[in-house]
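Colleague: My structure is below; once you've seen it, I'll send some questions.
All of the numbers you see were taken from the coordinates with simple rules; none came from a lab. The shown structure was predicted, so the numbers you read here are calculated from the model rather than taken from an experiment. Note that each Cβ is placed from the backbone with ideal geometry, even for glycine, and that neighbours are counted across all protein chains shown.
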Amino acid sequence: MTIADVQAAINSGSSSCVTIVDRYLKEIAKQSHLNTFLEVFEVDAKVQAKEIDQKMQNGSAGKLAGCVIAIKDNICYKDHRVSASSKILEGFESLYSSTVVDHLLKEDAIIIGRLNCDEFAMGSSNENSAFGNVLNPINNENVPGGSSGGAAAAVKAGLCHAALGTDTGGSIRQPASLCDVVGFKPTYGRVSRHGIIAYASSFDQVGPITTSVEDTALIMEVIAGKDGWDSTASSREVPKYSKLLESAGTSRKIGYLTDCLEATGLDTEIKEGLMGQIKSLKDAGHQVEPVGFPYLEYLVPAYYVLTTAEASSNLARYDGIHYGYRSGHNDSLDTTYKASRTEGFGTEVKRRIMLGTFVLSAGYFDAYYSKAQKVRRIIQDETTKILNQYEFILLPTTPRTAPAIGENVNDPIAMYLEDIFTVQANLAGLPAISLPLGKHSNGLPFGIQLIGNKFEEAALLSFSKEIYQN
Ligand code: GLN
């Protein structure tokens, strides 16, 4: 069901927000073993449901009425707890709402809870959460992906209608691919980052995880737009994405990256799936051509140098004084800082703070940080060149299906390489979507990815709808 279907059911009297919320609450309790929700906003959701049922009756309900949504635990919601799945934010309550939450509430979405994720959105498997890993609903032995693992798993398991995640290097698209749902990362600057717990500010974007392109378009229409609180949020008009989805009959020019298809780590069945998709696009009259992009091996290193540098600066504010957790070893300012950070942060977050501090340090700045900036520029320019010729770039979302729980935990490099196909869009600031594509012989799903031109969300979504009908 899409949001429009839910609204039609409510309008016809066969359903109501109150019954829908009750159903989700029961489902969340029933599937609590998945560990998707860190907190359920039961009381608030029920109050909202009643109010919105009334509004539906008197015709004053917003665009997202009937949509029960959950938010990743790095998205602030006034007077609600938020922790970025970290012990260091223990007991912290948001003093204000993020702009995206304000937009959701204004259009009458019901926010049902906050979702487990990797600590500070750092990870590709949700195993870096201080509150335990999330199970993939399709096979509980596997990870759901990350860092928005709770979000993708909750949507797939039917614990909420949709979710908001954040994507710095693939954290919406990768778990969406591993959990068989739709994940959308907007153009950098399309959606405000105000009230999002920052990981790497020049990469972070909020976006929806849903089961349909229609819902993605409608939620994007609501959350996108300029914002006085975030100077990187674009003031461009937000198109009515949900009304611009009909594009059948338009012949598109699509480039697929041969370097991705030939990549050593790519699973053969995923490759076959992609080739099959290319063939059916050609059969449908689209112009689909191979394109070279010989920079694949630079993507992950550039991404990790730059994002850890930004993270080391962003996470300096968690010092045991201003927010959340304070160690008992607090006899001086110095020991308070040190002990609170040592005890409050998990291993991966510490690794990244140290790596980021290192690449920014006086002796190594030129060799790492500024070099990675140059690499980023080359990647942006080369990707733009492709997109000057082709409307979309087609590539896999992930090199393989969901790893087993524990498989990568002791091998950070293997974990980082899971992001090989997703970080290009973040380095270049481009919109990208992961759509469910197929099922592997191991029983697990995998997705396909499309990257579009800057601020061309409408075209990307309408083409996505053409190739993916849920
Ligand atoms: N897996 C990537 C990382 O660990 C992406 C994270 C993200 O997009 N938040 O950094």
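Colleague: With only alpha-carbon atoms counted, please give the Rg and Dmax of the stretch 197-291, in Å.
Modeller: 17.8, 47
Colleague: Based on other C-beta atoms within 10 Å, arrange 434, 94 from fewest to most.
Modeller: Going from least to most buried by this count: 94, 434.
Colleague: So, one more: Are there trypsin sites (Lys or Arg not before Pro) in the stretch 73-168 that DSSP marks as loop and that have at most 15 other Cβ atoms within 10 Å, and which are they?
Modeller: Of the trypsin sites (Lys or Arg not before Pro), the ones in loops of the stretch 73-168 whose Cβ has at most 15 other Cβ atoms within 10 Å are 78.
Colleague: Moving to a separate point now. At R0 = 41 Å, how high is the FRET efficiency between residue 57 and residue 33 if r is their beta carbon distance? Nearest 0.05 is fine.
Modeller: Efficiency, from the Cβ-Cβ distance: 0.65.
Colleague: Counting other C-beta atoms within 10 Å, which of 180, 5 has the fewest, and how do the rest follow?
Modeller: Neighbour counts put them in this order, fewest first: 5, 180.
Colleague: Rounded, prolate or oblate: which one fits the stretch 134-289, using the alpha carbon gyration tensor with axes a ≥ b ≥ c (rounded when a/c is under 1.5, else prolate when a/b beats b/c, else oblate)?
Modeller: Taking the square roots of the gyration eigenvalues as a ≥ b ≥ c, the stretch 134-289 is oblate.
Colleague: Mean residue ellipticity at 222 nm from the helices of the chain, using -39,500 (n - 2.57) per DSSP H segment of n ≥ 4 over the full residue count, to the nearest 500 deg cm²/dmol?
Modeller: One gets -12000 deg cm²/dmol as the mean residue ellipticity at 222 nm.
Colleague: Helix by helix through the chain, keep the DSSP H runs that span 27 Å or more along the axis on Cα and average at least -0.5 on Kyte-Doolittle, and give those back in order.
Modeller: 296-314
Colleague: Output the Kirkwood hydrodynamic radius of the stretch 246-398, Cα pairs only, in Å rounded to one decimal.
Modeller: Across the stretch 246-398, the inverse of the average 1/r is 19.1 Å.
Colleague: Percent relative contact order of the chain, based on C-alpha pairs within less than 8 angstrom and at least six residues apart?
Modeller: 17
Colleague: Okay, next question. Would you kindly calculate the translational diffusion coefficient of the stretch 113-175, applying Stokes-Einstein with the Kirkwood radius from alpha carbon pairs, for 4 °C and a viscosity of 1.567 mPa s, and quote it in µm² s⁻¹ without decimals?
Modeller: D, rounded to a whole number, is 118 µm²/s.
Colleague: What nm value, rounded to one decimal, do you get for the distance between residue 350 and residue 411 when each label is placed 7 Å out toward the C-beta?
Modeller: 2.4
Colleague: Follow-up. How many nm separate the modelled label positions at residue 289 and residue 357, each set 7 Å beyond the Cα in the direction of the Cβ?
Modeller: 5.0
Colleague: In addition: Summing Lys, Arg as +1 and Asp, Glu as -1, what charge do residues with Cβ under 15 Å from the Cβ of residue 93 carry, residue 93 excluded?
Modeller: Summing Lys/Arg as +1 and Asp/Glu as -1 gives -2.
Colleague: Distances over 33 Å make up what percent of all Cα-Cα pairs in the chain?
Modeller: Tail fraction, whole percent: 32.
Colleague: Right, next: Could you give the dipole magnitude of the stretch 10-153 about its Cα centre, charging the beta-carbon of Lys and Arg +1 and that of Asp and Glu -1, in debye to the nearest 20?
Modeller: 320
Colleague: Show me the ranking of peptides 225-235, 29-39, 182-192 by mean Cβ neighbours inside 10 Å, starting with the highest.
Modeller: 182-192, 29-39, 225-235
Colleague: For residue 338 and residue 373, what is the calculated FRET efficiency with R₀ set at 45 Å and r taken between the beta-carbons, to the nearest 0.05?
Modeller: The pair residue 338/residue 373 has a calculated efficiency of 0.90.
Colleague: Could I ask something else about it? When only C-alpha pairs under 8 Å and at least 6 residues apart count, what is the relative contact order of the stretch 338-470, in percent?
Modeller: Across the stretch 338-470, relative contact order equals 22 percent.
Colleague: Also, quick follow-up: Arranged from highest to lowest average of other beta-carbon atoms within 10 Å per residue, in what order do the peptides 438-447, 457-466, 359-368 appear?
Modeller: The most tightly packed comes first, giving 457-466, 438-447, 359-368.
Colleague: Before anything else, pin down the relative contact order of the stretch 209-289: Cα pairs under 8 Å, at least 6 apart, normalised by residue count, whole percent.
Modeller: 25
Colleague: Something else: With viscosity set to 0.890 mPa s and temperature to 25 °C, compute the Stokes-Einstein D of the stretch 406-454, Rh being the Kirkwood radius across alpha carbon pairs; µm²/s, no decimals.
Modeller: 193
Colleague: Ratio to report: Rg/Rh of the stretch 68-138, with Cα atoms as the point set and Rh obtained by the Kirkwood method; give two decimals.
Modeller: Using only Cα positions, Rg/Rh for the stretch 68-138 is 0.99.
Colleague: If each of residue 96 and residue 44 carries a label point 7 Å out from its Cα toward its Cβ, how far apart are those two points in nm?
Modeller: That separation, rounded to one decimal, is 1.7 nm.
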